[in-house]
Amino acid sequence: MSVLPFPDRMLDRIYDLDPAELTGRGIRFVILDIDNTVAPYTVHAADADMVAWVRRLKDAGLDVFVLSNNRGERPERFSAALGLPFRKKAWKPFPKAAKAVMAARGWTPRETAFIGDQIYTDVCCAKWCGAYAVLVRPIEFHRFILKFRYWLEFPFRAKKRKITGDHTHDTY
């Protein structure tokens with residue numbers, strides 16, 4: 001896999017990812033981001049749709065783990081609501097925490113997918129680990145810093161769209 005920050009897959013919403021697509025690729029372990037991937041920064045609890053989607057992943061035989069840069073209680077709350085193990089203060093994009101999680105759970109990078117909303121954290125971490133990177137459209141752009149950060153990612157998103165011919169993500 002490339003170490004360049006190009007996602008392997010881009011989706012409008014996390015719910016658009018079918019567990020069968022992952023298992024069909026040999027993926028057995030999913031590392032999931034929370035902030036603006038699973039829920040907006042302004043929401044502090046997992047909703048029923050997210051609980052059901054995580055259940056579908058588990059029912060497909062996938063091992064799911066929450067890896068967050070967040071330092072507060074948010075990862076604990078979301079993980080508990082979703083019935084998932086977690087690690088906070090991950091320092092993504094640096095791969096040290098992600099590699100430790102993969103090793104501890106017994107998965108290789110080829111069996112691992114990262115799902116997140118940011119190229120410079122989630123996708124880079126996945127690529128630097130050698131894993132499959134799924135980029136979802138950020139849920140909300142409520143703060144200027146978020147808009148700016150996603151704007152900086154635009155060239156990588158655009159290049160991926162050009163390579164794949166998929167223009168469904170031209171809105172962000």
request  = Please work out how much length the chain gains when fully extended from residue 71 to residue 44, using 0.36 nm per residue of separation minus the C-alpha to C-alpha distance, in nm with one decimal.
outcome  = 8.3 nm
note = Most exposed first, judged by fewest Cβ atoms within 10 angstrom, 17, 32 run 17, 32
task = Arrange the following residues from fewest to most other Cβ atoms within 10 Å of their Cβ: 71, 56, 28.
result = 71, 56, 28
ask   = If we count other beta carbons within 10 Å of each Cβ, what is the order of 54, 43, fewest first?
value = 43, 54
message = Which one, 51, 130, 27, is farthest towards the positive end of the dipole of region 9-163 when Lys and Arg carry +1 and Asp and Glu -1 on their Cβ?
response = 130
query = Out of residues 5 or more away from residue 36 or on other chains, whose amide H comes under 5 Å of its own, with H placed 1.01 Å from N in the peptide plane?
reply = 41
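No value in this document is a laboratory result; all are computed from the given coordinates. Note that the structure is a prediction, hence the values are computed from the model and not measured. Because the Cβ atoms are built from the backbone with ideal geometry, glycine has one as well, and the counts that use them run over all protein chains shown.
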